[in-house]
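See structure below.
The numbers here are math on the coordinates, done by the rules we state, and not lab data. The shown structure was predicted, so the numbers you read here are calculated from the model rather than taken from an experiment. Counting neighbours? That spans all protein chains shown, and the Cβs are built from the backbone with ideal geometry, glycine included.
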Amino acid sequence: MANRKYIVGNWKMNGLRAQLSDIAAIAAIAANNEGADVGICPPATLIAAAAEANPGFAIGAQDCHFAESGAHTGCLSAAMLKEAGATYSILGHSERRADQQEGDAEVKAKAEAVHATDMGAIICVGETEEERDAGQAIEIVTIQLARSFPSGASADWLTIAYEPVWAIGTGRVPAASDVEEMHAAIRVKLGELMGQGSDDVRILYGGSMNGGNAAELLAIPNVDGGLVGGASLTAAKFGPIIEAAASS
């Protein structure tokens, strides 16, 4: 079945209170393009302010800890993020897998913690350039998905984001045929992991999506939206992606 498109902006380590005006501008565009679902994941310091501004779309977090509480200096639990106003969290982003050495088991535990707090989860999977060049891309990604997959998963709270690691922030985008092949493989693996309802889980593409290529990427089968980095920081850049999603 065709899923309603979902466009999520990941602000990463960008944004001070002055940038809340960008969220307001993005909200105005989203309000005029009701054919797509939109979300923004600002840095944790802006979650409460962004949510209180009631932008008309869901505010999310960029990560969470799997424990409810404890001696985890600098970390935030799902309950803390929910109290701040987040309704979902990105988990297992490639930058965290690389920089913080997060493994699949940890991503799975985080997803289950998020679900236990009645929040949604966006689980990220993807291959490096070396893995793709070695012909291992599909194997790597489907194994990551299986090992990161939370128990009790359902489409009402789980989203998957495919990130070709070598395309993030580089401006490089895989060929449409490569994206189609990978998203189809993820769809098949979802069917194996959860059976009924797997077709309703949205699979986002995350890798240098912008206003110029969004329409083409969103037209690919099983591409149900985008996880957007740098192009989500301003309404001028994010707006065309939202408009492409709403009309696709």
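Return yes when MET194 is closer than 24 Å to ILE140 by Cβ, surrounded by 15 or more Cβ atoms within 10 Å (Cβ to Cβ) and more than 18 Å from the chain's Cα centre (by Cα) and no when it is not. Yes: the conditions hold for MET194. When ILE123 is tested against (1) in a loop (DSSP other than H, G, I, E, B); (2) within 17 Å of LEU81 (Cβ to Cβ), exactly one condition is not met: (1). Of all residues in segment 203-212, those satisfying the criterion of being within 24 Å of THR128 (Cβ to Cβ) and either surrounded by fewer than 15 Cβ atoms within 10 Å (Cβ to Cβ) or in contact with a strand residue (DSSP E or B) (Cβ under 7 Å, 6 or more places away or on another chain) (or both) are ILE203, LEU204, TYR205, GLY206, MET209.
Look at segment 139-158: where a residue is closer than 13 Å to ALA111 by Cβ and touching a residue at least 40 places away in the same chain (Cβ under 8 Å) and a partner is part of a helix (DSSP H, G or I) and among the aliphatic types (A, V, I, L, M), sitting 6+ places away or on another chain with Cβ atoms under 6 Å, you get SER148/VAL107; PHE149/LEU193; PRO150/ALA111; ALA153/MET194. The number of residues in segment 60-101 being farther than 15 Å from TRP11 by Cα and of a type in the set (Val, Ile, Thr) comes to 2.
Within segment 47-62, is there a residue that is within 24 Å of ASP156 (Cα to Cα), part of a strand (DSSP E or B) and aromatic (Phe, Trp, Tyr)? Among the residues of segment 47-62, not one is within 24 Å of ASP156 (Cα to Cα), part of a strand (DSSP E or B) and aromatic (Phe, Trp, Tyr), which makes the answer no. Return yes or no: is GLY85 buried (at least 23 other Cβ atoms within 10 Å of the Cβ), under 30 Å from GLY152 (Cβ atoms) and under 18 Å from the mean Cα position of the chain (by Cα)? So GLY85 does not fit the description; no. Among the criteria (1) over 22 Å from LEU227 (Cα atoms); (2) part of a loop (DSSP other than H, G, I, E, B), the one GLU83 does not fulfil is (2). Checking each residue of segment 162-174 against the condition of being of a type in the set (D, E, K, R) and surrounded by 15 or more Cβ atoms within 10 Å (Cβ to Cβ) gives at least one match. Within segment 1-41, the only residue that satisfies the criterion of being without any contact (Cβ under 8 Å) to a residue 12 or more places away in the chain, of a type in the set (A, V, I, L, M) and part of a helix (DSSP H, G or I) is ALA18.
Check whether at least one residue in segment 106-117 is in contact (Cβ under 8 Å) with a residue 40 or more places away in the chain, surrounded by fewer than 23 Cβ atoms within 10 Å (Cβ to Cβ) and over 22 Å from SER69 (Cβ atoms), and report yes or no. There is no residue in segment 106-117 that is in contact (Cβ under 8 Å) with a residue 40 or more places away in the chain, surrounded by fewer than 23 Cβ atoms within 10 Å (Cβ to Cβ) and over 22 Å from SER69 (Cβ atoms).
Being crowded, with 19+ Cβ neighbours inside 10 Å and free of Cβ contacts under 8 Å to residues at least 40 places away in the same chain is a condition met by no residue of segment 176-186.
Using beta carbons and a limit of 9 Å, which pairs, at least six apart or on different chains, have the first residue in segment 216-229 and farther than 18 Å from SER198 by Cβ and the second one part of a loop (DSSP other than H, G, I, E, B) and of a type in the set (D, E, K, R)? If the second residue must be part of a loop (DSSP other than H, G, I, E, B) and of a type in the set (D, E, K, R), the pairs left are LEU218/LYS5; LEU218/ASP224; GLY226/LYS5; LEU227/GLU163; GLY229/LYS12.
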